[in-house]
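The values are calculated or read from the model by the stated rules, or taken from the named source; none is laboratory data. Quick caveat, the model's predicted, so the values are computed rather than measured. A quick note on method: Cβ atoms are made from the backbone with ideal geometry, for glycine too, and the neighbour counts reach across all protein chains shown. These accessible areas exclude ligands, DNA and RNA; they are computed on the full protein's heavy atoms, side chains included. Shrake-Rupley method; radii C 1.70, N 1.55, O 1.52, S 1.80 Å.
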Amino acid sequence: MTRESIAGPLAIGALRTRLAALAAVVCASAALAGCSNQDDTSAAESTAPTPTAPTAPASTAPADPEAMAKKTALKVYQGYWQEMQAYYADRDGTTEALKGYAASEALASAESDAEYAHGRGRIYIGPVVLSESTVTSTDLDSKTPKVMLSSCLDVSQWQPVIADTHKPVKLPTNRLTKYLIASTLEKWPQGWRVVRDEPQDKRC
């Protein structure tokens, strides 16, 4: 047997052994890579943000018309008395601003009383204290919607004085300075207005 015939099978056997070893290394590397990829995927999955539930839309329920009417009426009545104080304190004043809060009987009464005082050279200074204003009834289904109020009016510091000197005008000592007052407001095309403001001659 020649050297070539012996070397041939040995060389082939050695080659097969090396190929097998190389294949094992490749498989081992692939296995490690596979494990590494799996770990990376698991880590990525574990750190991925958790989906959140969609936010519920805000409520669009309409406001209660009666509650809105009551709230507006109370606010208008406060503004009415602020303008009344300003009008009575100015001998040359007009009711233009007051017309944004009063109409009908209430406006006519304010104009008549203030003009009488101003015509005698008097003005009213000091605050009117309004408290305990509450809605006593509503009629929002009528042709002209209405809200009725009851309030406690304190005029003890609302003092008539001589316009030129601010000297206080003497008043009866037994006059009622803190009393209940009943008011009616109506919703006109221009907005809510005080149309009646009636002292009840009752202490509060």
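Some values worked out for this structure:
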{"read-out": "C-alpha center-to-center spacing [region 126-204, region 61-116] in angstrom", "value": "10 Å"}
{"read-out": "Antiparallel content of DSSP bridges confined to region 79-204, in %, to 5", "value": "95 percent"}
{"read-out": "Förster radius 22 Å - calculated FRET efficiency between ASN174 and VAL128 (Cβ-Cβ, nearest 0.05)", "value": "0.65"}
{"read-out": "Stretch gain in nm, segment THR144-SER156, where the contour uses 0.36 nm per residue and the Cα spacing is subtracted", "value": "0.8 nm"}
{"read-out": "P(r) of region 56-139 over all Cα-Cα pairs, binned every 5 Å from zero, in whole percent", "value": "3, 13, 19, 19, 16, 10, 8, 6, 3, 3, 2, 1, 0, 0"}
{"read-out": "Apportionment of accessible area to carbon and sulfur, region 114-204, percent (1.4 Å)", "value": "48 percent"}
{"read-out": "Proximal lysines relative to LYS178, as straight alpha-carbon distance under 19 Å, when same-chain residues fewer than 8 apart are discounted", "value": "LYS170, LYS202"}
{"read-out": "Simple Cβ-charge dipole of region 62-204, Lys/Arg +1 and Asp/Glu -1, about Cα centre, in debye nearest 20", "value": "340 debye"}
{"read-out": "Segment LYS167-THR136, extension gain: residue separation times 0.36 nm, minus the distance between their alpha carbons", "value": "7.2 nm"}
{"read-out": "Positive minus negative residues near LEU176 (Lys, Arg vs Asp, Glu; Cβ under 15 Å)", "value": "+1"}
{"read-out": "Peptide ranges 168-180, 95-107, 64-76 listed from the most packed, as the mean C-beta count within 10 angstrom indicates", "value": "95-107, 64-76, 168-180"}
{"read-out": "Pairwise label distance in nanometres, ARG91 with SER104, each label 7 Å out on the Cα-Cβ vector", "value": "3.5 nm"}
{"read-out": "Estimated FRET transfer efficiency (GLU111, ASP64; beta-carbon r; R0 45 Å; 0.05)", "value": "0.80"}
{"read-out": "Range of Cα positions in region 81-184 per principal axis (Å), largest first", "value": "51, 30, 17"}
{"read-out": "Proximal aspartates and glutamates relative to LYS187, as straight alpha-carbon distance under 14 Å, when same-chain residues fewer than 8 apart are discounted", "value": "GLU66, ASP139, ASP141"}
